[in-house]
Amino acid sequence: MAGQITGLPSNAYTPLKEGEKYIPYVPPSEQPPEFTTRSVFWGLVMSFVFTAAAAYLGLKIGQVFEAAIPIAILAVGIANLYKRKSSILENVIIQSIGAASGLIVAGTIFTIPGLYILNLNVNFLHIFIAAIIGACFGLFFLIPMRKYFVAEQHGLLPFPEATATTEVLIAGEAGAGQAKILLQAALLGGIYDFCIATFGLWREVVSTRVIPLFAQIADKLKIVIKLNAGAAVMGLGYIVGLRYALIIACGSFVSFLVLIPAIWYFGQHFPVIIPPANIPISQMTIEQIFSNYVRHIGIGGIAAAGIIGIIKYSKIIVQAFSLGIKEIFGGARDSTISAERTQRDLPMPTIVLAIAITAVVTLLFFRGMIVDNWTLAIAALLVVFIIAFLFSTVAAQAIAIVGVNPVSGMTLMTLILASVILIQLGLRGPAGMVSALIIGSVVCTALSMSGGFITDLKIGYWLGATPAAQERSKLMGSLVAALAIGGVILLLSKVYGFVQTPEHPNPLAAPQANAMAAVLSAIMGKGAPWLLYVAGIFMAIIINFLGISPLAFALGMYLPIELNTPVLVGGIISHLVIKSSKDPEVSKARKDKGTLIASGFVAGGAIMGVISALLSLIFRERLQTGIAHKPVGEILSIILFIGLCVFMYYFAKSAAKEKNK
């Protein structure tokens, strides 16, 4: 099979024949170091650091950084710090613990910023408890399904992300070259973005206004193109690839080059205020037209895309429900004591008890901190329990098939259902919105955790890890990530904010949370621009019929254009690197090296973004040089960004053909 991992058995990716058995990379009979002090320590460090990085980047551009592969590469590199080299199973544990970061972040940033957007009360305990409860539900509901997904479906489900991570871990046994490239790129990207965010040595966002002619076009016709010149966003575009990046960028082009000029054309001569705006279109800037009208079309598209995803997975939901009942309550499990090491899960009685304890804690959490009576608390618990149980396996199977978790659509459905139930029980207004968003946060985290953890379990299955060790380690990583995400969100809300105000003129985008808040606000009675949402819904349906990802396109419409154009630039570089050689082996080697560089840019830029946020909170504007706001700052930014792109292209092209090494 093309791309097969050297070292794995030949039947690693193919369905097993009758009577055939898969023997993992580390056979069950061996007992190498696995759940050790070293693997747990480094895994927890990774969980904390990448939680901060993923939260910053996710809230800024709406894309959660997938930490599994960079953490796997770093785990391989860390082994060189010790006399005894780390075994591959220790690296599996490091990766599993660390990857909890992205899962907790995805579950939290889709919902919690909505509390800020709706001007509702937020505190650390709300964020932490909702995150850890959701993680526990996601883990404990998935464990009984492990054997079905990773063993019984062997060779039938592709597991794209698990395959890539396994390749990294296997390749890492031969040396730490990949980790070195990643760290070098992270250092370069981190310093580059740190200079922008902390010192303002050059402008972060450049636009066509830098040319006088295009500045006149922007003023008279409301047509402008902007670009964020950061390393992290461009690196993300390389990883995404040209096709997906182009879909996102096209969404932005429709917003900024079609809809905004059209709205300006019809509204510039009429001094009439059209809701939801509070000033006439004739007095609006490009950014105001976008935020008051066009962005709402994108929100409708995001919501519709999520529902389309649920409809596509409806058959899986039915299968998952029957399978879950059989596995958890039917007792149809092998004995964990007699099972060989690579088939040994946490005992089923322990799982059932853990689910019961989590349910009780959830009930007490809702009653003690969210709602004021037991009826509402029980209703909230039932919504969380049923939907998390029902959709956890949907998330897992979606990841196993295409590597994409439709968690946003399932969370949106949860919010709508929870809101309707709470309204029927007499809870609406601010209290109702807080309750619905916390319910959504718990469910979103549970589904994110289920989808991500099945990847870890498949990696462990291929390599020969002990499932029980992975399950314990994931719980530890989730605890640290839940603690970190609470502090990071509070920090970012103070420094950047999530709503545009005089104090926060350039807030973080938080697109999914804005979509959730808009829908919730409408349901709870504040009113909403429904016609714009409906337009977005029909747009998503039409885009879906064309065979294009409606979620990617709608996300592009919603996000400011300056965040999507560098993603397109990164995608173009990826395409050029792939096409730089007609030899498939050389092309693959160059693409893989570029992926390492891009991952370094993303990780370094995102981590430095969090550090910059902390310094900004401490020093405010005292570290800014002021150069960024001058014309020379914009020109310098363009030159340096082009240089960064050229560096990525030629450094990726320097990868030699593997067979010539």
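Only the coordinates and a few stated rules stand behind these numbers; no lab work does. All values reported here derive from a predicted model rather than from experimental measurement. Glycine also receives a Cβ, built like all others from the backbone with ideal geometry; neighbour counts cover every protein chain displayed.
Among THR165, THR14, THR342, THR501, rank each residue by its count of other Cβ atoms within 10 Å, from fewest to most, as a rough exposure measure.
Ascending Cβ contact count within 10 Å gives the list THR501, THR14, THR342, THR165.
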Distance check, please: which entries in LYS222/LYS630; LYS226/LYS588; LYS458/LYS591 exceed 28 angstrom between their Cα atoms?
LYS226/LYS588
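Once you sort the root eigenvalues of the Cα gyration tensor of region 539-661 as a ≥ b ≥ c, which label holds: rounded (a/c under 1.5), prolate (a/b larger than b/c) or oblate (the other case)?
oblate
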How high is the relative contact order of the chain, in percent, counting Cα pairs under 8 Å that sit 6 or more residues apart?
32 percent
Burial ordering of TYR238, TYR244, TYR13, TYR265, fewest other beta-carbon atoms within 10 Å first:
TYR265, TYR244, TYR13, TYR238
Take the residue pairs LYS21/LYS474; LYS21/LYS653; LYS60/LYS474 and return only those whose Cα atoms are more than 29 Å apart.
LYS21/LYS653
For the chain, what does the helix formula give at 222 nm: sum of -39500 (n - 2.57) over DSSP H segments with n ≥ 4, over the residue count, nearest 500 deg cm²/dmol?
-22000 deg cm²/dmol
³J(HN,Hα) across region 628-636 via Karplus (A = 6.51, B = -1.76, C = 1.60, θ = phi - 60°), whole Hz, x for Gly/Pro?
4, 8, 9, x, 5, x, 6, 5, 4
Taking 0.36 nm per intervening residue step and subtracting the Cα-Cα distance, what contour gain separates THR501 from ILE638 on full extension?
46.5 nm
When a/c is below 1.5 the answer is rounded, else prolate if a/b is larger than b/c, else oblate, so apply that to region 469-544 with a ≥ b ≥ c taken from the square roots of the Cα gyration tensor eigenvalues.
oblate
For a quick size check, give me the Cα extents of the chain along its three principal axes, largest first, whole Å.
79, 67, 49
Please compute the Kirkwood hydrodynamic radius of region 348-491 from all pairs of different C-alpha atoms, in Å with one decimal.
16.4 Å
Counting other beta carbons within 10 Å of each residue's own, what order do LEU614, LEU596, LEU44 fall into, fewest first?
LEU614, LEU44, LEU596
Equivalent ellipsoid, region 236-279 (semi-axes from 5 times Cα gyration tensor eigenvalues, Å)
33, 11, 6
